[in-house]
Amino acid sequence: MKKTIAMAALAVAVSFGAISCKKKVSDADLQTQATTVVVSNPNASVEVKEGVAHLSGTFETQEAKDAMIKQLKAINGVKDVMDMATVAPAAPAAAPVTTQSAVDPAVQQKVQDAVKDIPGVKVEVVNGELTLTGTVSSANARKVKESVDALKVGKVNYNYTVK
């Protein structure tokens, strides 16, 4: 009977010893495995300390971040995952692009008023510049130039034909 109790005690002692001698996974091995998982997101990184994975960086969506945390927790030997990562804010919807003439409408109106009594002259905006087109006599061409220059509106292209 003493022999049986002694053998049982020895078996229990050996089993506890075997459990305590169980191989512990090193942080370096865990770091390698965790880095392999995180490499799928170039904006994220992970550092393993004492079996705890510290996840940082930026993820496009909350779902992507949650999936990464789940994968890290699945690594054998990782005790926990500390979430220090952020989710990037959604990009604002692009505003519609509106094109606007480089010529102030008030300036364009002044020039139109200055040449309204001269037949054959049109005031247009071409390629963002104020342009005078049409067909005028040489006397009227001089009047147009003097009238528009007196307004001091800046650059004006005189693309009319003088006959």
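Miscellaneous remarks
- Among residues of region 70-92 that are at positive phi, those with a beta-carbon under 7 Å from a residue that is surrounded by 11 or more Cβ atoms within 10 Å (Cβ to Cβ) and of a type in the set (A, V, I, L, M, F, W, C) at least six positions away or on a different chain give the pairs G77/V25; G77/L30.
- Total residues in region 67-83, condition among the charged types (D, E, K, R) and open to solvent by less than 80 Å² (accessible area, probe 1.4 Å): 2
- Elements of type helices (runs of 4 or more DSSP H) in region 1-86, at least 2 residues being at pLDDT below 90 and among the β-branched types (V, I, T): 2-20, 27-38
- Count of region 127-153 residues which are outside any helix (DSSP H, G or I), open to solvent by 60 Å² or more (accessible area, probe 1.4 Å) and at pLDDT below 85: 3
- Some residue of region 101-121 being modelled with pLDDT under 80, farther than 30 Å from A67 by Cβ, in a loop (DSSP other than H, G, I, E, B) and open to solvent by 70 Å² or more (accessible area, probe 1.4 Å): yes
The values are calculated or read from the model by the stated rules, or taken from the named source; none is laboratory data. This is a predicted model, so every value here is computed, not measured. Counting neighbours? That spans all protein chains shown, and the Cβs are built from the backbone with ideal geometry, glycine included. Side chains included, ligands, DNA and RNA excluded: accessible areas come from the protein's heavy atoms. Shrake-Rupley method; radii C 1.70, N 1.55, O 1.52, S 1.80 Å.
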